[in-house]
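The values are calculated or read from the model by the stated rules, or taken from the named source; none is laboratory data. From a predicted model like this one, the values you see are computed outputs, not experimental measurements. For neighbour counting, all protein chains shown are included, and Cβ atoms are generated from backbone atoms with ideal geometry for every residue, glycine included. Accessible surface areas use protein heavy atoms only, side chains included; no ligands, DNA or RNA. Shrake-Rupley method; radii C 1.70, N 1.55, O 1.52, S 1.80 Å.
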Amino acid sequence: MALIPVSSSMGSSSNVPTDSALPMQYTTIKTLHETNFEEWSESLKVYLAMTRSDLALRIEEPKLTDASTASEKTQHGQWEESNRLCLMIMEYTMDRTVRQSIRKTEGITASEYLKLVEAKYTKLDKAEKGTMMKLLTTTKYDRSSGVRSHIMKLTHYFNKLNDMGMNLPGNFLVWQLLDSLPETFEILKTSYRVQKGEWSLTELTAIVSEHKDCMKLNGNAIVQLVTHGSMDQKRKRQNWKDGDKSDDKGKKESKPNDATGGKYEKLYGKCFFCHKAGHRKSNCPKYKKWVEKKEKKGDKR
């Protein structure tokens, strides 16, 4: 960006953009209307700082006396030029309705004029405080974004409330942040409750982020452990039903039956007829006798 001296009174060190660069730079300043004071003020200050024209906003007007030196007179001239540019740029980037609503007196400085503009946008509405407090106390972490983004969001609500005069303590924000986290962070909540000290916002952000990363790294291992455990239990139950002896390797698979002279499988369950362990209903001696007795009586059930 090419720069040229404004005037001889500004000195060689004070520069502003050339005429060809001004239109491009002016487009970076938002036009002030009835709802965007913060955006306008931020873009205005950035532009004035980049063009080195914000001297009148940074320092008070230097006072000249008969004993003032040449250097002090030069500094005063630089301040006057900066004050003139700041006033012109502020008025140029305002909506006509907004500009006409602000009374500009003779000899007003740029910083004083900016305060008058800011006073037009001062919000004293209690409803806004209630909205911000509700957002701070009810917003929960929904995992749709990162946990750092969630902490920054609640910190923004907290700062806005303090800017409006609520004067909330820092530990109140820490408690609200912990309360907004889901049950997977219960270990951190318990740790904070039992310890004597308090966490700062920076410490809380680092601890919560690290805990989130650990859960993310260990998530696959936990899922595999739970899945494999469930499959093993299901397999054991199926083997018990089918009489599978694969889980009982190294043990005797059969033993003689005194009543029948044969062998039967060793099972972990109980017989459904006599309720004794070690055999199933089809091999139960009592069940066979009961069947034979019923057949003799003619009962075909």
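The table below lists the values:
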read-out: Enumeration of residues in the range 58-81 that are open to solvent by less than 20 Å² (accessible area, probe 1.4 Å) and touching a residue at least 60 places away in the same chain (Cβ under 8 Å); value: 77
read-out: Unique match (being modelled with pLDDT of 90 or more, surrounded by 13 or more Cβ atoms within 10 Å (Cβ to Cβ), touching a strand residue (DSSP E or B) at 6+ places or on another chain (Cβ under 7 Å) and not hydroxyl-bearing (Ser, Thr, Tyr)) among 90, 94; value: 94
read-out: Where residue 120 falls short, out of the listed (1) in contact with a helix residue (DSSP H, G or I) (Cβ under 9 Å, 6 or more places away or on another chain); (2) open to solvent by 90 Å² or more (accessible area, probe 1.4 Å); (3) farther than 27 Å from residue 163 by Cα; value: (3)
read-out: Matching residues in the range 37-57 - criterion: being open to solvent by less than 80 Å² (accessible area, probe 1.4 Å) and in contact with a strand residue (DSSP E or B) (Cβ under 9 Å, 6 or more places away or on another chain); value: 40, 41, 44, 51, 53
